[in-house]
C-alpha cells in the first residue's frame, strides 16, 4: 500500500511545499481524485487550490484526525501482506481481473474506499477503531463497528469487485436483487479471506446456492442476473 497519506501529512501539518510538489508529480491522479472527487474543494487547475487545500485541513478536528492516522498507522506491514495474499487468491479464482495499485490517503472522514483507474484509495481516517472518540459524533454504533483496521482488506476487495462487476440497470432493479448482488460479492470476499467477515441473509442465500452448484465459477456467479434461484430467508 503506497503511503500517499504521509506526503499529505507533511504538507497539511507543516505546509512543506516540497511535499505538495511530490504529491502533484508522483501522485497526480490520486491528488486530483482527493481534491475534486473526495473532499470536493475545487479543481486542481484552480490558481488558489494549494492554499485552499491547506486551509481546508487546518480545522482543529481534522488536524487531530491527521495526527491520529499517522500514529495508528505508523506501520502497515500487516496490511501490505494481507493485500498481497488476498489479491493473489482473488486472481486465482477470477483470472481476468487486474491487480490494482492500493494507496492510503486522509479524506476528512469522507469516502472510506475510492476505486478508479486500476487503483484503490484507502482513507485511513475512516479506520481508527470503533471506539475512536470523534466517530461517536458522526456515526451510529453499527457503522462504527466496521471502522477499524481489520475492515480495510474486506472493504478493498468488496468495493473493487463492485466496480468490476456492477449490476446492470442497478437503479431500476428491485432492492432484493441489489442486495443479492452485494451478497454474492460478500460471499466471495469471505472465501478469499477464509473467514466469515460478512454475514447477512443475502450472503446466506449465496452460500446455500453455491453448495448446490459447487462447479459454478466465481465469474459466472457474479455475472448471473437471474436472481430467482437465490432463496432469501426472512429473519
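The values are calculated or read from the model by the stated rules, or taken from the named source; none is laboratory data. Since the model is a prediction, treat every value here as computed from it, not as a measurement. When we count neighbours, we look across all protein chains shown, and the Cβ atoms used for this are built from the backbone with ideal geometry, even at glycine.
Restricting the range 213-235 to residues that are over 13 Å from residue 177 (Cα atoms) and under 25 Å from the mean Cα position of the chain (by Cα), which is surrounded by the fewest Cβ atoms within 10 Å (Cβ to Cβ)?
Only one residue tops the list, namely 220.
Of the conditions (1) exposed (fewer than 15 other Cβ atoms within 10 Å of the Cβ); (2) in contact (Cβ under 8 Å) with a residue 12 or more places away in the chain; (3) outside any loop (DSSP other than H, G, I, E, B), residue 143 fails just one. Which one is it?
The one condition residue 143 does not meet is (2).
Is it the case that residue 137 is in the same structural domain as residue 36 (by TED's automatic domain parsing), more than 20 Å from residue 1 (Cβ to Cβ), in contact with a helix residue (DSSP H, G or I) (Cβ under 7 Å, 6 or more places away or on another chain) and free of Cβ contacts under 8 Å to residues at least 40 places away in the same chain? Reasoning before the result, please.
Numbers: in the same structural domain as residue 36 (by TED's automatic domain parsing): yes; more than 20 Å from residue 1 (Cβ to Cβ): yes; in contact with a helix residue (DSSP H, G or I) (Cβ under 7 Å, 6 or more places away or on another chain): no; free of Cβ contacts under 8 Å to residues at least 40 places away in the same chain: yes.
Against the criterion (in the same structural domain as residue 36 (by TED's automatic domain parsing), more than 20 Å from residue 1 (Cβ to Cβ), in contact with a helix residue (DSSP H, G or I) (Cβ under 7 Å, 6 or more places away or on another chain) and free of Cβ contacts under 8 Å to residues at least 40 places away in the same chain), residue 137 does not qualify.
Among the residues of the range 1-39, how many are over 29 Å from residue 82 (Cβ atoms) and in contact (Cβ under 8 Å) with a residue 24 or more places away in the chain?
Number of matching residues: 2.
For the structure I just gave you, tell me whether residue 61 is under 18 Å from the mean Cα position of the chain (by Cα) and either over 25 Å from residue 36 (Cβ atoms) or touching a residue at least 24 places away in the same chain (Cβ under 8 Å) (or both).
Taking the combined requirement at face value, the residue does not satisfy it.
Quick check: is even one residue across the range 13-20 closer than 19 Å to residue 150 by Cα and in contact with a helix residue (DSSP H, G or I) (Cβ under 6 Å, 6 or more places away or on another chain)?
Taking the range 13-20 and keeping what is closer than 19 Å to residue 150 by Cα, we get none.
No, the range 13-20 contains no residue that is closer than 19 Å to residue 150 by Cα and in contact with a helix residue (DSSP H, G or I) (Cβ under 6 Å, 6 or more places away or on another chain).
Looking at the structure I just gave you, is residue 208 modelled with pLDDT of 95 or more, in contact with a helix residue (DSSP H, G or I) (Cβ under 6 Å, 6 or more places away or on another chain) and either assigned to a helix (DSSP H, G or I) or more than 22 Å from residue 101 (Cα to Cα) (or both)?
no
Helices (runs of 4 or more DSSP H) wholly in the range 1-115 with at least 2 residues that are in contact with a strand residue (DSSP E or B) (Cβ under 9 Å, 6 or more places away or on another chain), modelled with pLDDT of 95 or more and buried (at least 19 other Cβ atoms within 10 Å of the Cβ) - which ones? Can you show your working first?
Working: elements: 4-14, 17-26, 28-32, 49-56, 60-72, 77-93.
Here the list reads 4-14, 77-93.
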